[in-house]
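Asker: A single structure is presented below for examination.
Values quoted throughout were computed directly from the atomic coordinates according to the rules given, and no laboratory measurement underlies them. Not measured: the values here are computed from a predicted model. Here the Cβ positions follow ideal geometry from the backbone for every residue, glycine too, while neighbour counts run over all protein chains shown.
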Amino acid sequence: MRKFKEFIIEKLILLCGLASIFFVILIFLFLLKEGLAVFKIATPLEFILGKSWYPISEPPRLGILPLILGSLLVTLGAAIISIPIGVACAVYIAEVAPLKTKEILKAGIELLAAIPSVVLGFIGMVTLVPWLKQIFHLPTGLTALSGSVMLAFMAMPTIVSIAEDALYSVPKSYKEGAFALGATQWQTIWRVMLPAASSGILAAVMLGIGRVIGETMAVMMITGNSAVIPHSILQPVRTLTATIAAEMGEAVVGSEHYFALFAIGIVLFVLSFAINVTADLFLHKKK
Amino acid sequence: MKRNPERTQKIAFFFLFLATLFIVVPVGLILVVIIQKGLPAINWQFLSDIPRQGMRAGGIFPAIVGTLYLVLGAIIFALPIGLMAAIYLSEYAKDNFLTRIIKLAIVNLAGVPSVVYGLFGLALFVIFFKFGASILAGSLTLGIMILPLIITASREALESVPYSFREVSWSLGASKWQTIRHIVLPNAIPGILTGTILGLGRAAGETAPILFTVAAFYLPRLPKSAFDQAMALPYHLYVISTQVPNVHEKIRYGTALVLLTMVLFMNLVAIVIRYKFRKKKKW
């Protein structure tokens, strides 16, 4: 009887072990189920490269190029801000800071990671947006740049913590070897530690960018939500994620608009899948 | 000019320090501003009353309750599955292709954008299972979203229990499951608790997954059942800061402060548990 009970429990455990695979497949299947119908009205090429997004005009025009470019622009801006600062902060925490400072800084970074995106979006709205409007004399402060700055803050905790782990996992002997040869601390960091941790740092950067592309609420609140092809970072843009979040509430279930929003979901899913798999490969290369 | 390594180091370290300040100072400022401007809004009425006058007055009680229900529902769903998945990975899984795929799936699940979880919840729970926009649909969506977090944290906790503990238990004739149940799990509980609380915090703060699965724009009463819609704090903050004009700044900051306090409190509890456990650890 006890053997039977254990048999059941072990099978249950195996089943739960497989749950993650099950859910990933389930998510993808349901996105496909609801999203693929859009390709009855628009070819995949028209959908991805179409320049106008008028989902409720008659007939609807479902080109997501402006949204893709909006996401790219915001992400690029956030990457330019967050990568150097994030990696530098990781180096400082891992290699330079004294033990006590280190603990405080790490707690600060964890704090930042814990702030909900809607709160960061709100703070961006009441502080950053009016500042940018004033500094650049813009008609509105709701721009791609505001999104980039706020998103940079959301990417940084990811970048810092993973890059820091990568630096820690460099064998101690590397560092000792460099010191023994008379290198200064900075020379050791620059010539030995950073190259040795490079694949982990690369993974950190990719995961940070993945976080930015998928971010929704903050972006929706501060980038101005205009679905046109952006020409400058000081213009309002609309990202892929914000489009789904802003429009799904009004889309009629089963309409072209509804299908198109799910198709955007497919694009986002595939994108995040690609980023995560690649980052995972880099992380494993390290070992 | 000859390069002076000492000076280069000083300059380099200065810039590293500057970069760190660049992250930490804004975090501090954000907290200070929200506390300073939000605190005057906080009183008993704000916390215990329903929103009035189109959310421009009154309190945020239904949103607080809604968020608590959602978070509770998410954890009831995610903790058993997540914990068992972690037990599988740490105690049963061999180093083979299947395990590799499971780990990859967890990484991917963690990386799926939150709004895509919202779409998925809409398609599966709201429409396919016909739950409608409801606490049940929202909780399940949030539950799947925090699953990877719970699995990863629990697995780390289980794996940090020394292997010799298991060997001793087996040598005394205990079966594999008995060993897990009576030896490994009790020793891993603080770590599992930490992960669970962090999951709670994450679920409480997310907005995008609940947008189309549960969140009510304005519902000035408490939800009656799991199939009822509910207000939720993060969505409420979004609504009063972008969708409703002329809401007093105080109410917005107050709502942000309540949400932030809830999330940070959970994180703080998790950090304290982890810290105490580390100090007490006997191996």
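Asker: What is the stretch A:1-123 by shape, rounded, prolate or oblate, if you read a ≥ b ≥ c off the alpha carbon gyration tensor as root eigenvalues and call it rounded for a/c under 1.5, prolate for a/b larger than b/c, and oblate otherwise?
Answerer: Numbers: a/c = 3.10, a/b = 1.10, b/c = 2.81.
In terms of gyration-tensor shape, oblate.
Asker: Specify whether the C-alpha gyration tensor of chain A places it in the rounded, prolate or oblate class, a ≥ b ≥ c being the square roots of the eigenvalues: rounded for a/c under 1.5, otherwise prolate if a/b is larger than b/c and oblate if not.
Answerer: Details: a/c = 2.22, a/b = 1.27, b/c = 1.75.
It comes out oblate by the Cα gyration axes.
Asker: Would you please give the FRET efficiency between A:Ser57 and B:Arg278, computed as 1/(1 + (r/R0)^6) with r the Cβ-Cβ distance and R0 = 60 Å, to the nearest 0.05? Before the final figure, lay out each step's value.
Answerer: Working: r = 60 Å, r/R0 = 1.00.
With R0 = 60 Å, the Cβ-Cβ based efficiency is 0.50.
Asker: Next question. Sorted by mean Cβ packing within 10 Å, highest first, what order do the peptides B:232-238, A:170-176, A:80-86 take? Intermediate results must be reported in sequence, preceding the final value.
Answerer: Working: B:232-238: 28.1, A:170-176: 12.7, A:80-86: 20.9.
Highest to lowest by the protection proxy: B:232-238, A:80-86, A:170-176.
Asker: Also, I was wondering about something else. Suppose R0 equals 25 Å; then what is the FRET efficiency for A:Val253 and A:Glu46 from their Cβ-Cβ distance, rounded to the nearest 0.05?
Answerer: Result of the calculation: an efficiency of 0.60.
Asker: So what is the calculated 222 nm ellipticity per residue for chain A, using -39500 (n - 2.57) for each DSSP H run with n of 4 or more, over all residues, to the nearest 500 deg cm²/dmol?
Answerer: Numbers: 14 runs with 196 residues, N = 287.
After summing the helix terms and dividing by residue count, I get -22000 deg cm²/dmol.
Asker: Sorting B:Val115, A:Val228 on the 10 Å Cβ count, fewest up front, what's the list?
Answerer: Details: B:Val115 32, A:Val228 16.
By the 10 Å Cβ count, ascending: A:Val228, B:Val115.
Asker: Another one. Could you tell me the largest-minus-smallest coordinate of the C-alpha atoms of the stretch B:140-216 on each of the three principal axes, in descending order and whole angstroms?
Answerer: Cα spread of the stretch B:140-216 along its principal axes, largest to smallest: 56, 17, 14 Å.
Asker: Okay, next question. Once you average over the residues of B:9-19, how many Cβ atoms of partner chains fall within 10 Å of each Cβ? Mind dumping the intermediate values first?
Answerer: Working: counts 8, 2, 1, 9, 8, 0, 4, 12, 6, 4, 11.
Partner-chain Cβ atoms within 10 Å, mean over residues of B:9-19: 6.
Asker: Still on this model: State the extension gain, in nm to one decimal, for the chain segment bounded by A:Leu281 and A:Phe136, taking 0.36 nm per residue of separation less the distance between their alpha-carbons.
Answerer: Values: separation 145, 0.36 × 145 = 52.20 nm, distance 4.20 nm.
Between A:Leu281 and A:Phe136, full extension yields 48.0 nm more.
Asker: Something else about it: Please go through the residue pairs A:Lys106/A:Lys285; A:Lys11/B:Lys94; A:Lys172/B:Lys279; A:Lys133/B:Lys37; B:Lys37/B:Lys250 and name each one whose alpha carbons sit more than 18 Å apart in this structure.
Answerer: Details: A:Lys106/A:Lys285 26 Å; A:Lys11/B:Lys94 15 Å; A:Lys172/B:Lys279 25 Å; A:Lys133/B:Lys37 22 Å; B:Lys37/B:Lys250 7 Å.
Long pairs (Cα-Cα over 18 Å): A:Lys106/A:Lys285; A:Lys172/B:Lys279; A:Lys133/B:Lys37.
Asker: How much space per residue, in cubic angstrom, does the convex hull of the C-alpha atoms of the protein assembly as shown take up?
Answerer: Values: hull volume 105.6 nm³, N = 570.
Enclosed volume per residue, from the Cα hull, is 185 Å³.
Asker: Oh, and also: About the Cα centre of the stretch A:49-286, what is the dipole size in debye to 20, counting +1 per Lys and Arg Cβ and -1 per Asp and Glu Cβ, all else neutral? Intermediate results must be reported in sequence, preceding the final value.
Answerer: Numbers: 13 positive and 12 negative charges, 113 e Å.
So the magnitude is around 540 debye.
Asker: For the stretch A:59-129 and the stretch B:143-217, what is the centre-to-centre distance using only Cα atoms, to the nearest Å?
Answerer: 28
Asker: Still on this structure, I have one more. How far apart, in nm, are two points set 7 Å out from the Cα along the Cα-to-Cβ line at A:Ala180 and at A:Val270?
Answerer: 5.2
Asker: Same structure, new question: Taking 0.36 nm per intervening residue step and subtracting the Cα-Cα distance, what contour gain separates B:Leu222 from B:Val168 on full extension? Write out the running numbers ahead of the final one.
Answerer: Details: separation 54, 0.36 × 54 = 19.44 nm, distance 5.24 nm.
Full extension from B:Leu222 to B:Val168 adds 14.2 nm.
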